[in-house]
């Protein structure tokens, strides 16, 4: 019984550490993107929550059942893409997507007038 409680406690601690790492990754990504794309703080908070949830879901896919893993990844990517388009303007979305997929260099984007 004590051994089972120890495994449960260790599993909970590991999940807590994973959540913290994923939270920091989402926050860092959004902060970097905000510097490059210049979206507002409201959008940044929404994006951070969305990116964190996406990373949590992707982690579950990667560590769970190995059946149809690519199909589940694709579904999560499609859902994330739809949410991005709802949060960002079209221009912001195109820049975010290009930066995220390394289609363009991560340098501050020039403002067009």
Go over the candidates 45, 19, 66 one by one and state the one that is loosely packed, with under 12 Cβ neighbours inside 10 Å and out of contact with any helix residue (DSSP H, G or I) (no Cβ under 6 Å at 6 or more places or on another chain).
-> 66
Check off (1) surrounded by fewer than 16 Cβ atoms within 10 Å (Cβ to Cβ); (2) part of a helix (DSSP H, G or I) for residue 29 and give me the number that stays unchecked.
-> (1)
Within segment 78-110, the residues that are modelled with pLDDT under 95, over 21 Å from residue 42 (Cα atoms) and loosely packed, with under 11 Cβ neighbours inside 10 Å are 101, 102, 103, 105, 107, 110
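The values are calculated or read from the model by the stated rules, or taken from the named source; none is laboratory data. What you see is a predicted model, and the numbers here were worked out from it, not measured in a lab. Please note: Cβ atoms are built from the backbone with ideal geometry, for glycine as well, and neighbour counts cover all protein chains shown.
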